[in-house]
Amino acid sequence: MEHEKRRALLRKLQEVDFVLVELNLYLDTHPSDLDALDQYNHCALEREAIRSEYEERYGPLMHFGHSSNRYPCGWNEGPWPWEI
Amino acid sequence: MKKRKPNPYRDQYRVWYPFHSPDDPCPPIAKQYVVPPNQFLGFQPPNLPQFSKHEALIKGTLWPIFYSPYPPKKWRDKDGT
């Protein structure tokens, strides 16, 4: 059951990331579109919430300072996000 | 039935028929290619309708107007959508 919850959380993170990528590309050419800007900022905050929830529960997602590590369930052990 | 004007955002496939000579042993073929919807939309207008987050990840685009599934041959019906 825990495995399913972890996968669902990762899926949510992927979905928000995809929306952020799309909006980012859109905002490159439409900097003045304030609605998209609001949506982008809102999604960025939402992503931050999902990321922190995931890392609190299952460990770091990224390296090199983008995520805090910990012991015992650090990045040395895994499972890594792509192994789930 | 009046032939409806093809909607470029839905009927993205176009067909062309290479020359088939009488001496050609193989049957004539119909080649199909996709003209993606972004060709018909110049500068993207603001506030276009959007998919939900879940659906956007599955469909591969945030805006339904750009959805271009490129279905494999066997799933395509005659006119290619």
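Just so it is clear, none of the values below were taken in a lab; they were calculated from the coordinates. This structure is a prediction, so every number in the text was calculated from the model and none was measured. Here Cβ is always computed from backbone atoms with ideal geometry, including for glycine, and neighbour counts include all displayed protein chains.
Miscellaneous remarks
- Relative contact order for chain A, counting Cα pairs under 8 Å that sit 6 or more residues apart, in percent: 29
- Volume of the Cα convex hull of chain B, divided per residue and given in Å³: 151
- With R₀ set to 30 Å, the beta-carbon distance separating A:Leu34 from B:Tyr9 gives a calculated FRET efficiency near 0.65.
- In this rough spin-label picture, where each label sits 7 Å from Cα along the Cβ direction, the A:Gln14-A:Ser68 distance is 2.8 nm.
- Extension gain for the segment B:Glu55 to B:Tyr17, taken as residue separation times 0.36 nm less the Cα-Cα distance, is 10.1 nm to one decimal.
- Test item: A:9-19 mean partner chain Cβ contacts at 10 Å: 3
- Size of the protein assembly as shown as Cα extents on the principal axes (Å, biggest first): 75, 44, 30
- Cα radius of gyration and Dmax for chain A (Å): 15.0, 47
- Taking chain B and dividing mean pair separation by its residue count, relative contact order in percent (alpha carbons under 8 Å, at least six apart): 32
- Given B:Lys3/B:Lys73; B:Lys5/B:Lys31; A:Lys5/B:Lys53; A:Lys5/B:Lys74; A:Lys12/B:Lys74, the pairs whose alpha carbons are separated by over 26 Å: A:Lys5/B:Lys74; A:Lys12/B:Lys74
- Candidates A:Ser52, A:Ser32, A:Ser68, ranked by Gaussian network fluctuation over chain A, Cα under 10 Å, top entry: A:Ser32
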